[in-house]
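As structure tokens, the structure follows; a few thoughts come after it.
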């Protein structure tokens, strides 16, 4: 049957109609996309168009006029190019990928969503969180932010950050998942969700009661440390000279309070000594949400030198896993999805498939300017169709590769979870193993902590 000519949007640009659209799949040896000619049958049009029209109606209700018109344009025939829920992922990827993505609960254990943290920046630009999540194939993200990059009151930034996230979630018709059942039910409905996280306990400022305040505001994933020390430190950070002999007394109290309330403790950025002490203080499994093995340094010596202090040893990985925890593998230091899959495999070989997660340390949505730069949304150019596309900064010709989740690697045109599942299949992971690493391992820990 002759393929239907369609126009689709990809990576923020309109692709001209053509009867055959060449879409990438990963070369088994290089890990880079190779071209595969794909012609879609008109016979599938009715079913897939219903899916796209549903998305258009959803945008008509809760989104912007521009999003709605874009979605309507897709219904003219673009739906024949996609499977349901595949966003921008193409049929040309391994035929098993779509089924695995649909059946598993893909969770990114560390994803930064940049929102305003100060009154000057608020309310900030609207972000298409739901759209980016659907494109990625992920069912949930641990939506995080840090409060130690700017001067001033970290507690006030924390509260304003949560308020900004409230606004974005409402705009995207999304809610925070507070329990494992929330995650499962949202996934069953075909919608994405978020687990509220924070990176660094700087907002506590020595006030233990603020842990419960954060819990009551929806926080369920607590990153103990970040790059700088809090006013009342919680422990040694792995990129800073050791000062506290590992975990401090206040850090131990925060961990015990998280255990009592039912919040996942995240030991990312913790030194070996801090990790050892934290595992003695906790009575629940912990997560190290975003890192990699210090034996996997990638191909760029400059990046390897910069990132080396942020990697963990096999010994540190083992003690976290032996205590029932899990470690999220980030996308840094991998030039292709296949290299990323091999980094996952290397950690699995050390601690077992039941203790490895995906923790990208990327951003699904538009990055905000660095501290000291213009406020979010100030692109220094015209707004609207002629302004910088989502994910671009002023003066950029292309989004920065590696910063955005759906552009973790050069030439990536399919959603994040799709290309990762495809790469994992190619190096020999089974669908069951992918399901565990993709999200089930984190969900197991989340359940053991939250379901008191």
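Condition (residue is in contact (Cβ under 8 Å) with a residue 12 or more places away in the chain, in contact with a strand residue (DSSP E or B) (Cβ under 8 Å, 6 or more places away or on another chain), in the same structural domain as residue 150 (by TED's automatic domain parsing) and over 23 Å from residue 280 (Cβ atoms)) applied to region 223-232: is it met by at least one residue?
yes
Might you check whether a residue that is more than 25 Å from residue 138 (Cα to Cα), surrounded by 24 or more Cβ atoms within 10 Å (Cβ to Cβ) and in contact with a strand residue (DSSP E or B) (Cβ under 9 Å, 6 or more places away or on another chain) occurs anywhere in region 189-200?
No, because not a single residue in region 189-200 is more than 25 Å from residue 138 (Cα to Cα), surrounded by 24 or more Cβ atoms within 10 Å (Cβ to Cβ) and in contact with a strand residue (DSSP E or B) (Cβ under 9 Å, 6 or more places away or on another chain).
Here is a list of conditions, (1) under 15 Å from residue 291 (Cα atoms); (2) assigned to a helix (DSSP H, G or I), and residue 333 meets all of them except one; can you say which number that is?
(2)
Just checking, which of 381, 391 is assigned to a loop (DSSP other than H, G, I, E, B), at pLDDT below 50 and out of contact with any strand residue (DSSP E or B) (no Cβ under 9 Å at 6 or more places or on another chain)?
381 is the lone residue from the list that is assigned to a loop (DSSP other than H, G, I, E, B), at pLDDT below 50 and out of contact with any strand residue (DSSP E or B) (no Cβ under 9 Å at 6 or more places or on another chain).
Scanning region 145-160 for residues that are assigned to a loop (DSSP other than H, G, I, E, B) and out of contact with any strand residue (DSSP E or B) (no Cβ under 9 Å at 6 or more places or on another chain), which turns out surrounded by the fewest Cβ atoms within 10 Å (Cβ to Cβ)?
151
Which pairs do you get when a residue that is under 18 Å from residue 262 (Cα atoms), found in region 169-192, comes within reach of a residue that is assigned to a loop (DSSP other than H, G, I, E, B) and modelled with pLDDT of 95 or more, reach meaning Cβ atoms under 6 angstrom, with the pair 6+ apart or on two chains?
Listed pairs, sorted by first residue: 176/218; 183/177.
Conditions (1) touching a strand residue (DSSP E or B) at 6+ places or on another chain (Cβ under 8 Å); (2) touching a residue at least 12 places away in the same chain (Cβ under 8 Å); (3) buried (at least 16 other Cβ atoms within 10 Å of the Cβ), marked per residue:
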{"site": "236", "(1), (2), (3)": "yes, yes, yes"}
{"site": "241", "(1), (2), (3)": "no, no, no"}
{"site": "247", "(1), (2), (3)": "yes, yes, yes"}
{"site": "263", "(1), (2), (3)": "yes, yes, yes"}
{"site": "269", "(1), (2), (3)": "yes, yes, yes"}
{"site": "279", "(1), (2), (3)": "no, yes, yes"}
{"site": "296", "(1), (2), (3)": "no, yes, yes"}
{"site": "323", "(1), (2), (3)": "no, yes, yes"}
{"site": "331", "(1), (2), (3)": "yes, yes, yes"}
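The values are calculated or read from the model by the stated rules, or taken from the named source; none is laboratory data. The model shown is predicted, which means the values in this text are computed figures rather than measured ones. With ideal geometry, Cβ positions are generated from the backbone for all residues, glycine too; neighbour counts draw on all protein chains shown.
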